[in-house]
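K.L.:
The structure that follows is given in the form of structure tokens.
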Amino acid sequence: MGIAEKIEIDAKIENLDQVLGFVDTFLEKCDCPMKVQMQLDIAVEEIFVNIAHYAYDSEIGQAEIRIEKEESGQIKVTFIDSGKPFDPLQKEDPDVTLSVDKRPIGGLGIFMVKKSMDDMQYVRSDGCNILMIWKKL
Amino acid sequence: MTINKNADGDKLTIALEGRLDTTTAPELEKDLKTSLEPVKDLVFDLKDLQYISSAGLRVLLSAQKVMNKQGSMVIRNASEDIKEIFDVTGFVDILTIE
């Protein structure tokens, strides 16, 4: 059997450290290599910050984050919010070949997640955004 | 995160220690707004930087844009993991990484 934990928290930037602490504590229990931990931290940060910024407009809403180690040995992280529908996978990738003066300042977060995770899926269900990411240990 | 600055004439070396993420990047951004003004030669020493997310990359990109107008900027001593992030984001082509 795999192991799983979850946290429910206000989706605001001030809670990022707490969310990352939750994720890192879990990953340490799984003997996660440093590099994978960094990649998962980045993914969790980018997704949580996205929810905090966009899901509930100016209001504060909740986010639920579940992390589990599947029997296959993969880490799966699920993010659930009840904010407005948003599928980050539909967002166009930034052009990473542009010169420094033409590169826009933003738009990199989800792209970094897509590049570093093994798989990502989004579903909208019961008024919730559910985003799942997988990464092999 | 700790920001250690060492100025020598118009050369500034900024050593970053810890994590450059959504929580700490604004601190560096604010610092750079004033400290870059007289600088022609900017060096970021990332030897003790453990982590960088897109918020941190944004600050480095802004600094590069400023330095393109008034001098040069180099990144030194980045770890392999951080170099890989520069790689996938295309930053390896727009920053000078030594």
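K.L.:
I'd like to check something: does region B:22-33 contain any residue that is of a type in the set (S, T, N, Q) and closer than 19 Å to B:ASP8 by Cα?
P.N.:
Within region B:22-33 (the criterion being of a type in the set (S, T, N, Q) and closer than 19 Å to B:ASP8 by Cα), the answer is no, since none of the residues qualifies.
K.L.:
Any residue at all in region A:24-41 that is touching a residue at least 24 places away in the same chain (Cβ under 8 Å), away from chain B (no Cβ under 14 Å) and among the polar types (S, T, N, Q)?
P.N.:
Within region A:24-41, none of the residues are touching a residue at least 24 places away in the same chain (Cβ under 8 Å), away from chain B (no Cβ under 14 Å) and among the polar types (S, T, N, Q).
K.L.:
Further, regarding this structure: Got at least one residue in region B:5-19 being more than 10 Å from every other protein chain (Cβ to nearest Cβ) and at positive phi?
P.N.:
Looking for residues that are more than 10 Å from every other protein chain (Cβ to nearest Cβ) and at positive phi, one finds at least one in region B:5-19, hence yes.
K.L.:
Considering only region B:47-67, state which residues are surrounded by fewer than 17 Cβ atoms within 10 Å (Cβ to Cβ) and away from every other protein chain (no Cβ under 11 Å).
P.N.:
B:LYS47, B:ASP48
K.L.:
Quick one: in region B:4-24, of everything that is closer than 18 Å to B:GLN64 by Cβ and touching a Leu at 6+ places or on another chain (Cβ under 9 Å), which residue is surrounded by the fewest Cβ atoms within 10 Å (Cβ to Cβ)?
P.N.:
B:LYS5
K.L.:
So for region A:100-114 (the condition being surrounded by 11 or more Cβ atoms within 10 Å (Cβ to Cβ), closer than 18 Å to A:ARG66 by Cβ and modelled with pLDDT under 95), does at least one residue qualify?
P.N.:
Yes, region A:100-114 has at least one match.
K.L.:
Follow-up question, since we're still on this one. Of A:PHE26, A:PHE48, A:PHE79, which residue is part of a strand (DSSP E or B), crowded, with 17+ Cβ neighbours inside 10 Å, modelled with pLDDT of 95 or more and not β-branched (Val, Ile, Thr)?
P.N.:
Unique residue meeting the criteria: A:PHE79.
K.L.:
Given the criterion at pLDDT below 95, more than 10 Å from every other protein chain (Cβ to nearest Cβ) and on the phi < 0 side of the Ramachandran plot, identify the matching residue among B:PHE91, B:PHE86, B:PHE44.
P.N.:
So the residue among B:PHE91, B:PHE86, B:PHE44 that is at pLDDT below 95, more than 10 Å from every other protein chain (Cβ to nearest Cβ) and on the phi < 0 side of the Ramachandran plot is B:PHE86.
K.L.:
Only one of (1) touching a residue at least 12 places away in the same chain (Cβ under 8 Å); (2) surrounded by fewer than 21 Cβ atoms within 10 Å (Cβ to Cβ) fails for A:GLY21. Which number is that?
P.N.:
Single failed check for A:GLY21: (1).
K.L.:
For the structure I just gave you, tell me whether A:LYS84 is surrounded by fewer than 21 Cβ atoms within 10 Å (Cβ to Cβ), assigned to a strand (DSSP E or B) and more than 14 Å from chain B (Cβ to nearest Cβ). Step through it out loud before you land on a result.
P.N.:
Working: surrounded by fewer than 21 Cβ atoms within 10 Å (Cβ to Cβ): yes; assigned to a strand (DSSP E or B): no; more than 14 Å from chain B (Cβ to nearest Cβ): yes.
Against the criterion (surrounded by fewer than 21 Cβ atoms within 10 Å (Cβ to Cβ), assigned to a strand (DSSP E or B) and more than 14 Å from chain B (Cβ to nearest Cβ)), A:LYS84 does not qualify.
K.L.:
I'd like the full set of residues that are under 19 Å from B:VAL39 (Cα atoms) and crowded, with 20+ Cβ neighbours inside 10 Å, limited to region B:68-94. Even if it seems obvious, please write down each step before you answer.
P.N.:
To start, the set of residues in region B:68-94 that are under 19 Å from B:VAL39 (Cα atoms) comprises B:68-76.
B:MET73, B:ILE75, listed by residue number.
The values are calculated or read from the model by the stated rules, or taken from the named source; none is laboratory data. What you see is a predicted model; the values in this text were computed from it and never measured. Here Cβ is always computed from backbone atoms with ideal geometry, including for glycine, and neighbour counts include all displayed protein chains.
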